[in-house]
Amino acid sequence: MISVENLKVEFNAIPLFEDVSFVVNNKERIALVGKNGAGKSTMLKIIAGQQTPTGGSVASPKEVTIGYLPQVMVLAEDKTVRQEAEMAFEQMSYLQDLLAKMTIEMTERTDYESESYHDLIDRFTRENDRFLMLGGTNYHAEVERTLLGLGFSREDFGRPTKEFSGGWRMRIELAKLLLQKPDVLLLDEPTNHLDIESIQWLENFLRTQANAVILVSHDRAFINNVTNRTIEISCGHIYDYKVKYDEFMVLRKDRREQQLRAYENQQKQIQETEDFIERFRYQATKAIQVQSRIKQLEKVNRIEIDDEDTAMLRLKFPPAPRSGSYPVISKDVKKAYGNHLVFDHVDLVIERGDKVAFVGKNGEGKSTLVKCILEQIDFEGELKLGHNVQIGYFAQNQAQLLADDLTVFDTIDRVAVGDIRTKIRDLLGAFMFGGEASDKKVKVLSGGERSRLAMIKLLLEPVNFLILDEPTNHLDMRSKDVLKEAILDFDGTVVVVSHDRDFLDGLVTKVYEFGGGKVREHLGGIYDFLQKKNIDNLNDLQAVRLSASPTKSADGETTQELSETKLSYEAQKELNRRLRKIERDIKECEKKIEKLEVKKAEIETVLATPQGASDVSVYEKYEKNKQDINEIMAQWETLLMEHEELEAQKY
């Protein structure tokens, strides 16, 4: 479909890459990977025809269509979300208007036997067939499905695009691009502004409906689930693997080891040749051999090694000052903006040492609850921070608080203490500030660079409660690994607001789901949560509900036909009886939990004394109490889910 031949790109006479050749075939889904600055986005722009290479060519048949999603785009301010998305079907809109005009003309004309009238009918038939062939009767439904899949609600369809943030505008452009169904999709960081459910929808779309895809992404789980081929740009060349990203990483490690051995052998030979030249440079009897060795040295094709993987750098947070047992306790917290309810009845307890995730669709209140915890906004209800809680907070706007006149190195040098001071340049390299980049002034950094620098600074602050709001959006995979390892080793409490499943996997042990004005707790890791959600969705689909749909009767009157699944009186009675029993069981569980929590507090008081701290039996009671609480909590959560399913059957 697309053939890239001998591609070369130079900036200021310095080659970014050269002699790059590869072919993109139908149904191939390619991950384009490499360190930041290797040329990934440049490659996509060249294939999309938006940038001219220094040398080489990109060829494709005339009928092949290419769709390109850049990291930054501009949308019209005067269109609604639906209108902007429907621009993907401009040809259908034109045909629809044309058919409407022709229908009116055929109705108004009376010269049924004339040749021009028959020509009009033939033309209408041709254009109508074309309209139907292009899917003209259902494209509105397809627009709705795509927008809903990317996280928009039906209420959003009529809102002007100017009301949406840059992230949501990117979703509109992505919807438009997917609806056009190009032969080749070029996607540059498509998941940066998507939540977990939208990413899963996009994964499924790309796997099942896309033709050929080339994508750049730092979301490892996303590219593993979507791609079947990996092309790496490294040291100005490409390495092409017909495997997924995880398999590529294994092969890449083998390749680098081979490169290293070949490099070491070559360096040894070069050193021996240079030693010979230096030793016999001024001896007339060796002049011919010396000149021969000099020419030989000039012809050597020097082996380059892939950049050192600085993600292996082990970074540790400073020891966390000890906080109280419960850094955050929330009871019946509510937040609303006017008539818009963000969430209500939020009850949660975060224990010291917990690592939890806040997940859910954008706009459901994750960042809002974080701001409530930070006391940045007002709310209703009770929300307490524990004793000696010292919060380290990362959000996108934290980057704006950096001192503009300092260099990158000086910014970190001022907060680094202890052994890490000797490794500042290694740390900066792991977060893509290697070499001369560490001497840049903060004021000339891009938004992404400022965010990464703010993250490094946070890593070095002595805190015991970390709150990270979308921390991985501007980090590549190696930088994310450094951050993840540091958080795993951190002995304080962590809340992560993120849609990056690979980053959350193995990091968090509890998930709080935001949605529909509620916050629900799920014990276990992120993939336990996702698996549970899939099961929940199936149960929802199978739930028996009353449904009513308008139908036309024989005489043309509209009637309301009730679904055959309508519950009988006896069935409704049985349903109510089951609901009452579950409600009693829920209250019973809540009483048990309350008693166990009181007992837990009493044991903790004993543990705080020297005698209690040295008594093994007290620890055993504490662990038994904690296990009992977890079991009752699991039982309580199951009862709540059953209650929701039965409630759904009533309506």
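For Arg220, the conditions (1) under 25 Å from Pro471 (Cβ atoms); (2) in contact with a Phe, Trp or Tyr (Cβ under 7 Å, 6 or more places away or on another chain); (3) free of Cβ contacts under 8 Å to residues at least 60 places away in the same chain are fulfilled apart from (3). Might you check whether a residue that is open to solvent by less than 10 Å² (accessible area, probe 1.4 Å) and in a strand (DSSP E or B) occurs anywhere in the stretch 171-184? For the stretch 171-184, residues open to solvent by less than 10 Å² (accessible area, probe 1.4 Å) and in a strand (DSSP E or B): present.
Could you check the stretch 391-409 and list, in sequence order, the residues that are surrounded by 15 or more Cβ atoms within 10 Å (Cβ to Cβ), modelled with pLDDT of 85 or more and not in a strand (DSSP E or B)? Listed by number, the residues that qualify are Leu406, Val408, Phe409.
Can we say Asp378 is more than 27 Å from Ala601 (Cβ to Cβ), touching a helix residue (DSSP H, G or I) at 6+ places or on another chain (Cβ under 8 Å) and open to solvent by 60 Å² or more (accessible area, probe 1.4 Å)?
Working: more than 27 Å from Ala601 (Cβ to Cβ): yes; touching a helix residue (DSSP H, G or I) at 6+ places or on another chain (Cβ under 8 Å): no; open to solvent by 60 Å² or more (accessible area, probe 1.4 Å): yes.
Spelling it out, it is not the case that Asp378 is more than 27 Å from Ala601 (Cβ to Cβ), touching a helix residue (DSSP H, G or I) at 6+ places or on another chain (Cβ under 8 Å) and open to solvent by 60 Å² or more (accessible area, probe 1.4 Å).
Remark: pairs (first residue in the stretch 118-132, closer than 14 Å to Tyr94 by Cβ and open to solvent by less than 60 Å² (accessible area, probe 1.4 Å); second residue part of a helix (DSSP H, G or I) and not aliphatic (A, V, I, L, M); Cβ separation under 8 Å; 6+ apart in sequence or on different chains) = Phe131/Gln96.
Can you find even one residue in the stretch 416-432 that is assigned to a loop (DSSP other than H, G, I, E, B), within 30 Å of Glu351 (Cα to Cα) and not acidic (Asp, Glu)? Steps first, answer last, please.
Taking the stretch 416-432 as the starting set, the residues that turn out to be assigned to a loop (DSSP other than H, G, I, E, B) are 416-417, 431-432.
Then drop every residue that is not within 30 Å of Glu351 (Cα to Cα), which leaves 416-417.
Narrowing further to those that are not acidic (Asp, Glu): 416-417.
Yes, that holds for at least one residue.
Inspection of the stretch 238-256 identifies at least one residue that is closer than 18 Å to Ser41 by Cβ and open to solvent by 20 Å² or more (accessible area, probe 1.4 Å).
To keep it simple, each residue is scored yes or no on (1) of a type in the set (Asp, Glu); (2) closer than 21 Å to Lys484 by Cα; (3) at pLDDT below 95.
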site	(1), (2), (3)
His340	no, no, yes
Asp344	yes, no, yes
Val349	no, no, yes
Phe358	no, yes, yes
Glu375	yes, no, yes
Gly386	no, no, yes
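Scanning the stretch 25-60 for residues that are in a loop (DSSP other than H, G, I, E, B) and within 18 Å of Ala210 (Cβ to Cβ) returns Asn25, Asn26, Lys27, Glu28, Ala48, Ser60.
Scanning the stretch 349-362 for residues that are open to solvent by 10 Å² or more (accessible area, probe 1.4 Å) and either within 23 Å of Pro321 (Cα to Cα) or not polar (S, T, N, Q) (or both) yields Val349, Glu351, Arg352, Gly353, Asp354, Lys355, Gly360, Lys361.
Hydrophobic (A, V, I, L, M, F, W, C), open to solvent by 50 Å² or more (accessible area, probe 1.4 Å) and either at pLDDT below 80 or more than 22 Å from Val64 (Cβ to Cβ) (or both), is that true of Ile199? Answer is no for this residue. Within the stretch 375-387, not a single residue is free of Cβ contacts under 8 Å to residues at least 60 places away in the same chain and assigned to a helix (DSSP H, G or I). Screening the stretch 478-515 for residues that are in contact with a strand residue (DSSP E or B) (Cβ under 9 Å, 6 or more places away or on another chain) and part of a loop (DSSP other than H, G, I, E, B) and picking the one that is nearest to Thr191 (Cα to Cα) gives His499. Does the stretch 223-245 include one or more residues that are touching a Pro at 6+ places or on another chain (Cβ under 9 Å) and hydrophobic (A, V, I, L, M, F, W, C)? No; the residues of the stretch 223-245 include none that is touching a Pro at 6+ places or on another chain (Cβ under 9 Å) and hydrophobic (A, V, I, L, M, F, W, C). So, in the stretch 605-636, of the ones that are exposed (fewer than 15 other Cβ atoms within 10 Å of the Cβ) and closer than 16 Å to Val349 by Cβ, which residue ends up modelled with the highest pLDDT? The residue in question is Lys626. In the stretch 17-51, what residues are over 17 Å from Ser3 (Cβ atoms) and among the polar types (S, T, N, Q)? Within the stretch 17-51, Asn36, Ser41, Thr42, Gln50, Gln51 meet the criteria. Of the candidates Glu449, Glu485, Glu461, the single residue that is open to solvent by 20 Å² or more (accessible area, probe 1.4 Å) and modelled with pLDDT of 85 or more is Glu485. For the stretch 144-161, a residue qualifies if it is free of Cβ contacts under 8 Å to residues at least 60 places away in the same chain, in a loop (DSSP other than H, G, I, E, B) and not hydroxyl-bearing (Ser, Thr, Tyr), and exactly one does: Leu150. Name the single residue that is least open to solvent (accessible area, probe 1.4 Å) among those in the stretch 433-446 being in a loop (DSSP other than H, G, I, E, B) and closer than 18 Å to Arg478 by Cα. Across the stretch 433-446, the extreme among qualifying residues is Phe433.
The values are calculated or read from the model by the stated rules, or taken from the named source; none is laboratory data. What you see is a predicted model; the values in this text were computed from it and never measured. When we count neighbours, we look across all protein chains shown, and the Cβ atoms used for this are built from the backbone with ideal geometry, even at glycine. Please note that ligands, DNA and RNA were not included when accessible areas were found on the heavy atoms of the full protein model with its side chains. Shrake-Rupley method; radii C 1.70, N 1.55, O 1.52, S 1.80 Å.
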